[in-house]
Structure formats: C-alpha cells, structure tokens
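Below is one structure, written out as structure tokens; the observations come after it.
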Amino acid sequence: MNRFLLNSSAVLTALPISSPQIQNVDTMNENVVNVPNKPPFKVIAIACVVCLILGFGILNPGSLPINSVVLAIGLMIFLCVVRVPVTIALIASALVGGLHSGLSTQEAIAAINDNLLVGSQVGMTYIMVGALAVALARSGLLDLLARKLVSMLGNEDTKHQTKVKWLLYGIFMVASILSQNAVPVHIAFIPVMIPPLLVIFNKLRIDRRAIACVLACSISSSYLLLPTGFGAIFLNEILLANVNDVGSAYGLAVTADMVPKAMFLPVMGILAGMLVAVFFSYRKPRDYTTNDVALEHLEKTKDTVIKPFQLIMTLIAVAVTLAFQITFDSLLVGAMIGFMILSLAGIFRWDQQDDVFTQGMRMMVQIAVIITIASGFAGVLEATGEIKPLVQASAELIGDHKALAAAIMLIVGLFITIGFGDSFASVPILAPIYIPLALTLGFSPMAAVALLGASAALGDAGSPASTITLGATSGLNADGQHDHVRDSVIPTFMHANFGMVIFAWVAAMVL
C-alpha cells in the first residue's frame with residue numbers, strides 16, 4: 001500500500017520504531033540531508049516556459065490547442081517529476097485544467113470541494129489503521145518472533161541453513177499478506193521485524209535485494225487480490241466505486257465479486273516477477289559485514305518481555321479486528337475496536353493513547369490527504385466536460401487496435417503512479433479517462449477493470465516515493481548496507497512491474 005513524495009528519514013520518523021533505529025539511519029543519511037537540493041538549471045528553465053504558456057492559456061481560455069483534461073494530467077505528471085509535493089501538484093493542475101476549459105475560479109474550486117467527501121471517507125480509515133499499527137508495534141510481538149527466528153540458526157549444517165533461508169522467505173510472505181489483509185498495519189512491521197534478522201541474513205549470505213522483492217511483491221499482491229483490510233479499501237471502496245461511478249453514464253455496472261477475478265492475472269504477473277527475483281536474479285550469495293549496528297538490533301530483542309496476558313489480548317485484538325471488518329464490511333470499525341482492546345489490555349499506558357493515535361495519524365496522513373485531493377482532481381476533470389471528446393478522439397486515433405490501446409494505457413498508468421508512488425490515489429485520476437476509453441474500444445467490463453486496476457497499481461512497488469520501497473529500505477538498511485535506489489527501487493521496479501505489464505495486457509485481451 002502503500003505511497004508519496006517523502007524522503008526516507010521522514011517515513012522512518014513516522015514509523016513506530018525505537019529511537020536508536022531512527023538515529024542510526026539518520027546518521028547514515030546525515031550528509032545527504034544537509035546538502036541543499038537545488039533543482040537543475042534545465043528543470044527551472046523548462047518550468048518557467050511551461051508556466052508562461054499555461055499563464056497565457058489560463059488568461060485566454062481555449063487559446064491553447066490542447067484538451068483541458070490532457071493539460072491537467074500532463075501538468076500534474078510534470079510537477080510530480082520535478083518533485084513538487086503531490087497534493088500541490090493535484091490542486092494546481094486541477095485549477096489550471098478547469099480554468100483552461102472555461103470554468104471560473106469559483107466553479108473549479110467548487111468542483112474540487114464537491115468531490116472531497118468520497119476520498120475523505122477512505123482517508124479516515126487510513127488514519128485509524130495507522131493508530132492500530134502503532135498500537136500493535138508497542139506489543140513487542142514482532143520482536144518476540146524475530147528472537148525465535150534467530151534461535152533457529154544454531155545448526156551449522158548447510159541443508160539446515162538452506163531450510164532456514166526458505167523459511168524466512170515464507171515468513172516474510174505471510175507477514176506481508178497479513179499486514180495488508182488480516183492485520184492491516186501496512187509497512188509498519190518491516191522496521192520492527194527485519195533489523196534483528198540482519199545478522200542471520202549475513203550468516204546465510206542472503207542477497208537483501210531478494211528480500212526487498214519478496215516484501216514488495218507480496219504486499220502489492222495482497223491488497224490487489226484479497227478483499228479484506230487494505231484490499232477491501234482498494235478493491236471495493238476505490239476501484240469498484242470509481243468504475244461504477246464513471247461507468248454509470250455508459251451503462252456499466254460491476255459487482256464486487258468481479259473485481260478480484262479481473263485482478264487475478266495482473267497479480268500473477270507480480271508473483272511471477274517475485275519468483276524470478278528469488279530463483280534467478282538474486283539467487284547467488286552476497287556478502288555483507290556484520291557490524292556493531294546489526295549486533296545491537298539483535299541484542300535489543302533479548303530485552304523484550306511479553307506477559308502472557310498481553311500476548312493473549314494482542315492475539316484477541318488481531319482476531320476481533322479481522323472479525324469486525326468482515327462482519328460490518330468496515331476496516332474503520334475493525335481497526336477502532338482493535339485499538340480499543342489493545343488500550344484496555346495495557347499494551348501501552350492509558351495516558352499514552354493520544355500519543356499512539358497521533359503517531360499512527362502521522363504515518364498515514366499523507367496517504368489520506370492525497371486520496372482525498374485526488375477525488376477532487378477527478379471531479380474537476382469531469383466538470384470540464386472534455387473527457388468524452390478526449391475519449392472519442394483517442395478511440396478514433398487508435399482505431400481497432402485494442403492490443404496497442406491496452407499497452408499504451410498500462411504504460412501511461414505506470415508513468416503516472418511512479419511519479420508519486422500510490423496506486424490508491426491513481427485510481428480516481430485514471431478512471432474518468434480509462435473506463436470510457438476501454439468501453440468505447442470494445443473491452444469487456446472485466447477487461448476494463450483489469451486495465452484500470454493494473455494501470456493504477458503499476459509503479460507502486462518500485463517508485464522511489466512509495467511507502468512499500470521506503471519501508472523495505474527502512475528495515476534492510478538498518479546497518480547502512482542497503483541502498484534505497486540500487487537495492488530497493490530498481491529491483492522491485494523490474495520484478496514487480498515488468499511481469500504485471502505482460503500479464504495485465506493478456507488479461508485485457510482475454511477477459
């Protein structure tokens with residue numbers, strides 16, 4: 001799930017991990033943080049030219065020979081590429097597109113405001129889930145699991161160590177799935193579980209790039225296919241809702257059971273990429289140095305003590321959270337009940353409730369804000385009245401080449417999502433164009449859902465700004481030996497996205 005224009009230290013500050021971890025990572029990045037990050041001269045020059053052109057077009061509506069929807073989305077992409085915060089990029093692009101179409105400033109702002117409600121409902125769910133993630137991290141359950149895994153490495157036999165390696169991969173897959181669906185803590189488990197295991201990775205000579213791919217691919221596959229937890233948000237509250245909202249004008253009605261079926265093949269592409277990473281790309285041993293930082297993380301788990309009552313109540317909170325979200329079809333209610341149980345069980349002191357909730361809000365608030373503003377952005381695109389002309393012109397240009405259309409839509413979705421690293425926020429941006437275009441070109445409803453869902457998800461795993469890649473780096477780089485771009489971003493981008501593009505294209509052609 002991830003999912004935004006944040007630097008790694010900002011994410012680590014928001015994550016529920018201990019201060020020594022934060023200090024170690026911040027120390028390693030100290031030189032980078034202190035260097036002024038000035039945009040290149042070419043970027044500044046291009047930005048000035050673009051601003052002049054846009055200013056002329058806004059003052060003279062219709063003077064630029066470009067569709068307002070294309071203008072808004074193109075400007076949004078450009079601003080994201082030059083590292084403007086996503087929220088500002090969305091609002092500024094929406095206003096420019098609205099003004100260029102002939103809307104007044106008040107009408108453009110009203111179009112944004114009228115569509116914020118849908119996004120804000122999802123945003124509130126994210127904030128409550130963040131609070132639950134911090135509360136669960138306070139229980140020390142992940143520290144206990146890490147200590148148990150470390151104790152399994154006493155046998156020096158090669159076959160035994162190989163079994164431990166595959167057991168670790170399996171545990172990371174299961175933990176990733178649970179973090180998205182059953183115990184919705186998103187990436188908060190990574191910086192707690194991974195650092196104490198770095199000594200094991202070094203002894204087994206595991207290539208950490210393989211672990212990054214396992215984490216990223218498992219997390220992405222979970223919420224894209226399983227309709228509980230974050231999967232319920234993405235598949236039902238965002239993807240299904242946007243498909244039916246936009247498709248209603250074209251007689252399209254998709255049911256909840258159709259969405260996972262449509263996403264099955266694209267998800268298989270992600271899993272295929274993960275298998276390639278584990279069995280081929282990063283199969284060979286890789287040596288790392290076991291430094292004092294890695295040993296310190298391992299030693300710290302020995303001080304973790306969980307009382308039987310707290311352990312039982314933590315497991316009960318997890319079970320109740322899952323039961324409530326399924327029973328009431330609401331992750332918000334499930335997360336709230338789970339948080340209350342952990343609070344009453346004494347996992348953290350009663351007077352620390354506000355602090356725990358605030359930490360969770362800090363961890364998820366950027367996701368919530370971007371999703372909310374993206375709904376307003378989609379509202380402005382609809383208000384311009386230029387979506388249908390764009391769809392018709394695109395259909396005429398592409399003609400009967402459905403295969404080419406599917407490939408272009410997937411690549412454009414990859415480009416947009418890679419800019420700000422959030423598949424959840426990409427759906428309302430892409431839906432107003434992709435659904436009408438897919439239906440106009442003759443794609444089936446299932447194929448249209450697959451194209452939109454896959455196009456929005458492409459780039460989430462593999463974006464430098466994605467919480468998935470940032471989360472993987474926060475755990476694997478705890479001892480300073482895992483580079484964010486070379487060891488997390490590039491490997492996850494290649495293995496999660498290339499396979500998904502191919503399988504999603506096949507899904508669009510056969511569904």
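Computed from backbone phi, the HN-Hα couplings of region 161-171 come to 5, 5, 4, 5, 4, 5, 5, 4, 4, x, 5 Hz, rounded to whole numbers (Karplus: 6.51 cos²θ - 1.76 cosθ + 1.60, θ = phi - 60°; Gly and Pro given as x).
Ranking VAL267, ILE194, ALA249 by how far each Cα lies toward the positive end of the dipole of region 162-287 (charges on Cβ) leaves ILE194 at the top.
The stretch between VAL70 and SER104, if pulled fully straight at 0.36 nm per residue, gains 10.4 nm over its current Cα-Cα span. Modelled this way, with points 7 Å down the Cα-to-C-beta line, the labels at ASP355 and THR290 are 3.5 nm from one another. For the set LYS163/LYS307; LYS159/LYS307; LYS148/LYS307; LYS148/LYS284, the pairs lying more than 28 angstrom apart at their alpha carbons are LYS163/LYS307; LYS159/LYS307. The stretch between MET509 and ARG283, if pulled fully straight at 0.36 nm per residue, gains 78.0 nm over its current Cα-Cα span. Backbone geometry of region 174-182 corresponds, through the Karplus equation with coefficients 6.51, -1.76 and 1.60 at θ = phi - 60°, to 3J(HN,Hα) couplings of 5, 4, 5, 5, 4, 5, 9, 10, 8 Hz, x marking Gly and Pro. Here each label is just a point 7 Å from Cα along the line to Cβ, and for THR255 and LEU397 those points are 3.7 nm apart.
Here the contact order of region 139-280, divided by its residue count and restricted to Cα pairs under 8 Å and six or more residues apart, works out to 24 percent. Residue-wise HN-Hα couplings along region 226-241, as the Karplus relation 6.51 cos²θ - 1.76 cosθ + 1.60 with θ = phi - 60° gives them from phi, are 9, x, 10, x, 5, x, 5, 5, 5, 6, 9, 7, 10, 5, 4, 4 Hz; Gly and Pro carry x.
For the peptides 197-209, 271-283, 446-458, 165-177, the ranking by packing is 446-458, 197-209, 271-283, 165-177, with the highest mean count of neighbouring Cβ atoms within 10 Å listed first.
Site pair VAL174 and VAL320 shows an inter-label distance of 2.5 nm when each label is modelled 7 Å from Cα along Cα→Cβ. Surface listing: ASP257, ASP483, ASP400 arranged by accessible area from highest to lowest gives ASP400, ASP257, ASP483, probe 1.4 Å.
The values are calculated or read from the model by the stated rules, or taken from the named source; none is laboratory data. All values derive from a computational prediction rather than experimental measurement. No Cβ is skipped: glycine too gets one built from the backbone with ideal geometry, and neighbour counts run over all protein chains shown. Areas reflect the complete protein model, heavy atoms only, side chains present, ligands, DNA and RNA absent. Shrake-Rupley method; radii C 1.70, N 1.55, O 1.52, S 1.80 Å.
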